[in-house]
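Have a look at the structure below, then the notes.
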Amino acid sequence: MIYVDSSVFISYLFAVDDNHARAQELLGNIPVDEMLASYSVVGEVLTVGSQRYDRAVTLSFIQYMFKEQWRCVREDADTLDRTFQIFQTITQKNISWVDCYSVAVMQSMGVRQIATFDKDFVQLKVVYPELEVMS
């Protein structure tokens, strides 16, 4: 299982993105049934894709992914509690709550690999040393 961050999905969707080719390569090597994300990531993809690029393309992609049976994690109380602990531990003010939530999901599911272009995940190794960043 590989957790996929919103940065990879956004780059994959839109050719004008600087990381488009790399995102195609990354996602092309991960079977859909091995992709893991959270509804927070889905929310980021929908928001950024709609606001910066193309709402219809973004919606179609998310609908496609759900039809393909990707694994998308719903929030639960334990993961939210862990997210808050991680967020309090990180001293950098530019680390987002969603990134902390992603790490909490990964920890709870024993997933170590994340496909992302977000450099903040390197800093999150402080709370999850086993984290392997694929970019």
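Some observations on this one:
- Scanning segment 11-38 for residues that are among the small types (G, A, S), in contact (Cβ under 8 Å) with a residue 24 or more places away in the chain and assigned to a helix (DSSP H, G or I) yields a count of 2.
- Here S7 clears all of (1) part of a helix (DSSP H, G or I); (2) in contact (Cβ under 8 Å) with a residue 40 or more places away in the chain; (3) in contact with a helix residue (DSSP H, G or I) (Cβ under 6 Å, 6 or more places away or on another chain) except the condition numbered (3).
- Some residue of segment 48-68 being closer than 23 Å to S108 by Cβ, over 17 Å from the mean Cα position of the chain (by Cα) and among the aliphatic types (A, V, I, L, M): no
- Matching entry among R112, R71 (being modelled with pLDDT of 95 or more, at negative phi and of a type in the set (D, E, K, R)): R112
- Whichever residue in segment 47-79 is hydroxyl-bearing (S, T, Y) and out of contact with any helix residue (DSSP H, G or I) (no Cβ under 8 Å at 6 or more places or on another chain) and, among such residues, is farthest from V32 (Cα to Cα): T47
- Exactly one residue out of V41, V57 is in contact (Cβ under 8 Å) with a residue 40 or more places away in the chain, of a type in the set (A, V, I, L, M, F, W, C) and more than 20 Å from V103 (Cα to Cα), and it is V57.
The values are calculated or read from the model by the stated rules, or taken from the named source; none is laboratory data. Note that the structure is predicted; figures quoted are calculated from it, not measured. Every residue, glycine as well, gets a Cβ built from its backbone with ideal geometry; the counts of neighbours run over all protein chains shown.
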